[in-house]
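This report refers to the structure that appears directly beneath it.
The values are calculated or read from the model by the stated rules, or taken from the named source; none is laboratory data. All figures in this text were calculated on a predicted structure; none of them were measured in a lab. Neighbour counts are summed over all protein chains in view; Cβ atoms, including those assigned to glycine, are modelled from backbone coordinates with ideal geometry.
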Amino acid sequence: MSAGPSQQDAGHDERVTIQDVARGAGVSTGTVSRVLNDRPGVSPATRRRVLDTIAHLRYRPDHTARALSRQPLRIGLSLAAGTRRLMPFFMVFLEHLITVLQEDGYGLEEIPAGPDGLPERLADGMVLHGVHDDDPRIAHLDRAGVPFVLVGHAEGARWVMPDDVGGAREATRHLLRLGHQHVLYLGGRMSQQATQDRYQGYREALAEAGLAPAEPVLVEGELDSLAAYRVVHRAFQAGRPATALFAASDEMALGAVAALEDLGLRVPMDVSVVGFDDLPEIGAQLTTVRQDIGRITTTAVDLLREGLRGAPVRDVTVPVQLVVRGTTARRRE
């Protein structure tokens, strides 16, 4: 006599859980959830295996729970370890980023870095800020299969950045056209991409003019006005010969101006100063290099959206513009 359908067979559809599917497919429940909600970040082979397991087990998701799970894609903003969050450039960038992501229906969360320099958790997509040499986040996200975009640059990754090299080159050319031959470079740590790239542009302009670069004046700690004030004050007090200075940020340029004035040097009559960023209020009186932070942010979101769709990797360099104001003048004889 047949025993008839087993109790398990009779109620199979109701008893199979997402955990059963995950075990059967050899993946995490999060991966199963991504497949069910048609979210990115799952390879075609893994997606097929999960769908086959769902069919084999005759899994039927709880539609109420699934509806509740259809939240906006979470975009994580990852700052490199040691990045100063309250720096003016980052605050302007963050304001633009929140606005653009909200318009696209994405949710944003800031994700701090752990002791190993890696983000403490992952999101559906990631924006990496403060990229530097040997940044461990890039390989980590590649291994995790999480789409990401850099505000910076790295070979083989999606990235967007201002034309740091070109902007620094034009800033230095401006000073050279005004007759300055002794131009100092003020920057941060050389492990930072912006410092490296802007120093490269400065060197290229000097090389075009047949001039050798001076030893750079570098801020090793916080890249703020006070730190810049201190290193510039020490440099000029020690007798560094210069009639012009190019600073890698507006904030450092303001610190340099204050240091020079405290030493009795007039800007721009005695020393010309150029900044970089053209930040609201901070850069308003400076001759500086304007970068389009709004365009950088919009492009970053566009590139991340492409990554979430699985589109080919590409990168974008955003043009910059020299803005001449009141801190540069022709060299006095």
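Details
- Of all residues in segment 37-73, those that are at pLDDT 80 or above, basic (Lys, Arg) and either assigned to a helix (DSSP H, G or I) or under 23 Å from MET126 (Cβ atoms) (or both) total 3.
- Within segment 207-221, the set of residues being modelled with pLDDT of 90 or more and surrounded by 21 or more Cβ atoms within 10 Å (Cβ to Cβ) comprises VAL217 only.
- Residue in segment 268-277 that is in contact with an Asp or Glu (Cβ under 7 Å, 6 or more places away or on another chain) and of a type in the set (Asp, Glu) present: yes
- Counted residues, segment 98-107 - those being touching a strand residue (DSSP E or B) at 6+ places or on another chain (Cβ under 7 Å) and not in a strand (DSSP E or B): 3
- Taking the numbered list (1) surrounded by 18 or more Cβ atoms within 10 Å (Cβ to Cβ); (2) at pLDDT below 95; (3) within 30 Å of VAL42 (Cα to Cα); (4) in contact with a helix residue (DSSP H, G or I) (Cβ under 8 Å, 6 or more places away or on another chain) in turn, ALA154 passes all entries but (1).
- GLU261 passes every criterion in (1) assigned to a loop (DSSP other than H, G, I, E, B); (2) surrounded by fewer than 15 Cβ atoms within 10 Å (Cβ to Cβ); (3) outside the structural domain of GLU103 (by TED's automatic domain parsing) apart from (1).
- Which numbered condition MET269 fails, given (1) in contact with a helix residue (DSSP H, G or I) (Cβ under 9 Å, 6 or more places away or on another chain); (2) assigned by TED's automatic domain parsing to the domain that holds HIS182; (3) at pLDDT 95 or above: (1)
- Criterion: surrounded by 17 or more Cβ atoms within 10 Å (Cβ to Cβ), at pLDDT 90 or above and small (Gly, Ala, Ser) - qualifying residue of GLY130, GLY179, GLY167: GLY167
- Per-region count, segment 178-232, residues within 21 Å of the chain's Cα centre (by Cα) and small (Gly, Ala, Ser): 6
- Subset tally (residues that are at pLDDT below 70 and either of a type outside the set (D, E, K, R) or closer than 29 Å to GLY125 by Cβ (or both)) for segment 1-36: 12
- Qualifying positions in segment 306-325 - touching a strand residue (DSSP E or B) at 6+ places or on another chain (Cβ under 8 Å) and at pLDDT below 95: GLY307, LEU308
- Flag set for TYR199, criterion: within 19 Å of ARG240 (Cβ to Cβ), hydroxyl-bearing (Ser, Thr, Tyr) and part of a helix (DSSP H, G or I).
- For segment 178-194, the criterion of being assigned to a helix (DSSP H, G or I) and over 24 Å from PRO268 (Cα atoms) is satisfied by at least one residue.
- For the residues ARG230, ARG234, the requirement of being in contact (Cβ under 8 Å) with a residue 12 or more places away in the chain, of a type in the set (Lys, Arg) and touching a helix residue (DSSP H, G or I) at 6+ places or on another chain (Cβ under 9 Å) singles out ARG230.
- Tally of residues being assigned to a loop (DSSP other than H, G, I, E, B) and under 26 Å from ARG295 (Cα atoms) across segment 265-282: 7
- Hits in segment 194-206 (condition: under 19 Å from THR288 (Cβ atoms) and at pLDDT below 95): ALA194, THR195
- Restricting segment 121-175 to residues that are assigned to a strand (DSSP E or B), aliphatic (A, V, I, L, M) and in contact (Cβ under 8 Å) with a residue 24 or more places away in the chain, the residue that is farthest from GLY307 (Cα to Cα): MET161
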